[in-house]
Each structure stands twice: as C-alpha cells, then as structure tokens.
Amino acid sequence: MEIWDLYNEKRELTSLEHIRGEEIPEGYYHLVVHVWIRNRQGEYLISRRSADRPLYPLLWECVGGSALKGEDSLTAALRETEEEVGVKLEPKNGKMIDSVLGRVINGVKYSDIVDIWLFAYDGEVDLKAATTREVAGTRWMRKEEIKELFDKGEMVETLGYYQELL
C-alpha cells in the first residue's frame, strides 16, 4: 500500500494522508515528479513502460512518479530515478524547471502538483540496477526524436509540455 501526503492549493502540506488508488478529496493534491535527464550531447533519457503497467503500457516517457509520505520533491525525484532506471543522480546536478497545480489534459482533471526536474547525467544506464520492473527499456533521444514519438502516439500523453520546457 502506497501512502501519499496531501497538499492544499497553496502547495502547503496538510495533515491528511492518502492511500493510492482512492479518490483524492476535492481541493487537495498529491505531489508528482517528472524527471528529465539530459546528457552532454543534448539527448534526453527516455524510458519505455513495461507491458504489464496498468496505464500506458509500452509507451515512452521520462522517469517519474508520486512522492511517498514524508518525501519532498527532490527526494522523490532521486528515488524514482533509482527505482525505475537504476541511476543514482546527484542532487547538485538537477533543478526544478516548473511546477504545475491541478493539470487538465484532454478534459481530464488531475489532482496533483507536478514538479518537473531537469538533471545533467552522463553515466551509464543499467536496468539491472533498477529496483522495480516498471521500465522495459531506455534510449537517449534528441528533442526532435521525442517529438516524433509524441506525434505518433507512442509517448505518454501527459508529457506534451516537454516541447516548451526542454
């Protein structure tokens, strides 16, 4: 069972906890991180979701997920990256480039605060070091290649913002 902290619309931590899978009460939000990783060549690390993922199986995305109870945004970003792709990022190599409260995508309202991180990383990616099996594969891609994936519907639809931010 995964437990999340809930925040109000001012991004203030409340005393409420939330169990993943249950409906989030109106006016409250949970913290989500999207982690974009860029190498010196200007390529971004993109991961392909495993076939058994309940949402968006086999589509491409950046690393990301929900912050667990007690985690701040940076801690969640570092944990998700290590869990999903086996990469240990250095906090000093990252910065939060945007934060969005309560997104609406294709008419669907999300009760989340999405913190979007950008990290510099030039090391290896070894999925055998990942602690979950959420990712089926990874690739380094240029922004134009990511756009092609997105345009062909092969990328998670909630990541359309990447064109403006990266």
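The values are calculated or read from the model by the stated rules, or taken from the named source; none is laboratory data. No experiment lies behind these values; they were computed from the predicted model shown. For neighbour counting, all protein chains shown are included, and Cβ atoms are generated from backbone atoms with ideal geometry for every residue, glycine included.
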Hits in the stretch 100-113 (condition: in contact with a Lys or Arg (Cβ under 9 Å, 6 or more places away or on another chain) and surrounded by fewer than 13 Cβ atoms within 10 Å (Cβ to Cβ)): K109
Tabulated pairs, the stretch 149-166, first under 16 Å from G64 (Cα atoms) and touching a residue at least 40 places away in the same chain (Cβ under 8 Å), second hydroxyl-bearing (S, T, Y) and part of a helix (DSSP H, G or I), C-beta under 9 angstrom, 6+ apart or interchain: M155/Y162
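Is there a residue in the stretch 85-103 that is among the acidic types (D, E) and within 14 Å of the chain's Cα centre (by Cα)?
Applying the first criterion (among the acidic types (D, E)) to the stretch 85-103 yields 90, 98.
Those still in the list that are within 14 Å of the chain's Cα centre (by Cα) too: 98.
Yes - at least one qualifying residue is present in the stretch 85-103.
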Residue that is farthest from G107 (Cα to Cα) [pool: residues in the stretch 125-137 that are among the hydrophobic types (A, V, I, L, M, F, W, C) and assigned to a loop (DSSP other than H, G, I, E, B)]: V125
Count - residues of the stretch 53-71 that are of a type outside the set (A, V, I, L, M), over 14 Å from the mean Cα position of the chain (by Cα) and either at pLDDT 95 or above or closer than 27 Å to E12 by Cβ (or both): 4
Total residues in the stretch 17-43, condition surrounded by 14 or more Cβ atoms within 10 Å (Cβ to Cβ), over 15 Å from G64 (Cβ atoms) and of a type in the set (A, V, I, L, M, F, W, C): 1
Among (1) free of Cβ contacts under 8 Å to residues at least 60 places away in the same chain; (2) touching a Gly at 6+ places or on another chain (Cβ under 8 Å), the one test that L78 misses: (2)
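In the stretch 138-166, how many residues are surrounded by fewer than 16 Cβ atoms within 10 Å (Cβ to Cβ) and either part of a loop (DSSP other than H, G, I, E, B) or touching a Ser or Thr at 6+ places or on another chain (Cβ under 7 Å) (or both)?
Counting residues in the stretch 138-166 that are surrounded by fewer than 16 Cβ atoms within 10 Å (Cβ to Cβ) and either part of a loop (DSSP other than H, G, I, E, B) or touching a Ser or Thr at 6+ places or on another chain (Cβ under 7 Å) (or both) gives 7.
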Output for the stretch 114-137, where each listed residue is surrounded by fewer than 17 Cβ atoms within 10 Å (Cβ to Cβ) and in contact (Cβ under 8 Å) with a residue 60 or more places away in the chain: A120, D122, R133, A136, G137
